[in-house]
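Report on the structure given below.
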Amino acid sequence: MTEQEITNLLRQRDKDGLQELLLHYGPLMRYVIAPILTDPRDREECLSECSMRVWESIDRYDAGRGSWTAWLTAVARNTALNHRRAAQRHGDPEELDETIPSPTPGPEEEILRKERSAALKRAVACLSEREQILVYRKYYYLQSTAQMAAELGMTERAVEGKLYRIKQKLRKKLGGDFYG
């Protein structure tokens, strides 16, 4: 079944669309979720949640803004990160301390975070395509160095070396204030 047929089924709210989604794109979603969530039960729960998010937000997918797989992997990644954050937040209730300040950033911190994020995106866009792939795999999809090396036909040391040089380029481009 094609991507277009699957998205059409999902848009028509046909339950076969969910089955086809999991059949054809389940492995891709698992691949994105796996480095973020280590517990197999959490992974399966997240995959179910991810499928439901795709079901609920299929109307937001716009082929003109990006490919189906890019949208789908972003949904899977964000769902997995949200799942991990929720698990960390809802840890042992006895560990909660009322003297700890709120983890939510204030307005100034949020503006700084957005400015830094935009600057980082511009700097990454200036890298070569191969360098961008390494950056996204390591820091966006949270893949291990071993996994990247195996899939890209490189040694772990070569991957680490390239990432180190990329980080040096980014530091130079972004300046010391970015890290201060």
Inset, instruction - Can you confirm whether region 64-80 contains a residue that is open to solvent by 70 Å² or more (accessible area, probe 1.4 Å) and either modelled with pLDDT under 80 or within 15 Å of I36 (Cβ to Cβ) (or both)? - result: no
Legend entry - Matching residues in region 138-151 - criterion: being free of Cβ contacts under 8 Å to residues at least 12 places away in the same chain and open to solvent by less than 70 Å² (accessible area, probe 1.4 Å): A146, A149
Legend entry - Segments classed as helices (runs of 4 or more DSSP H), wholly inside region 91-180, with at least 1 members that are modelled with pLDDT under 90 and more than 25 Å from M29 (Cα to Cα): 107-125, 156-174
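Results for (1) at pLDDT below 90; (2) of a type in the set (S, T, N, Q); (3) over 21 Å from Q88 (Cα atoms), shown as yes or no for each residue.
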{"site": "E5", "(1), (2), (3)": "no, no, yes"}
{"site": "K15", "(1), (2), (3)": "yes, no, yes"}
{"site": "H24", "(1), (2), (3)": "no, no, yes"}
{"site": "A34", "(1), (2), (3)": "no, no, no"}
{"site": "R41", "(1), (2), (3)": "no, no, no"}
{"site": "E45", "(1), (2), (3)": "no, no, no"}
{"site": "M52", "(1), (2), (3)": "no, no, yes"}
{"site": "S57", "(1), (2), (3)": "no, yes, yes"}
Inset, instruction - Evaluate region 16-30: report whether one residue or more is surrounded by 15 or more Cβ atoms within 10 Å (Cβ to Cβ), within 22 Å of R137 (Cβ to Cβ), in contact with a helix residue (DSSP H, G or I) (Cβ under 9 Å, 6 or more places away or on another chain) and of a type in the set (D, E). - result: no
Inset, instruction - Please indicate, with yes or no, whether at least one residue in region 103-117 is touching a residue at least 40 places away in the same chain (Cβ under 8 Å) and open to solvent by 90 Å² or more (accessible area, probe 1.4 Å). - result: yes
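Every residue, every condition in (1) within 26 Å of M148 (Cα to Cα); (2) of a type in the set (K, R); (3) not in a helix (DSSP H, G or I), yes or no:
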{"position": "G26", "(1), (2), (3)": "yes, no, no"}
{"position": "R30", "(1), (2), (3)": "yes, yes, no"}
{"position": "T38", "(1), (2), (3)": "yes, no, yes"}
{"position": "R41", "(1), (2), (3)": "yes, yes, no"}
{"position": "E44", "(1), (2), (3)": "yes, no, no"}
{"position": "D59", "(1), (2), (3)": "no, no, no"}
{"position": "G66", "(1), (2), (3)": "yes, no, yes"}
{"position": "L72", "(1), (2), (3)": "yes, no, no"}
{"position": "H83", "(1), (2), (3)": "yes, no, no"}
Legend entry - From the options T69, T7, T79, T73, residue that is in contact with an Asp or Glu (Cβ under 7 Å, 6 or more places away or on another chain) and in contact (Cβ under 8 Å) with a residue 24 or more places away in the chain: T79
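The values are calculated or read from the model by the stated rules, or taken from the named source; none is laboratory data. Being a predicted model, the structure only gives us computed values, none of them experimental. When we count neighbours, we look across all protein chains shown, and the Cβ atoms used for this are built from the backbone with ideal geometry, even at glycine. In case anyone asks, the SASA skips ligands and DNA or RNA and just uses the protein heavy atoms, side chains included. Shrake-Rupley method; radii C 1.70, N 1.55, O 1.52, S 1.80 Å.
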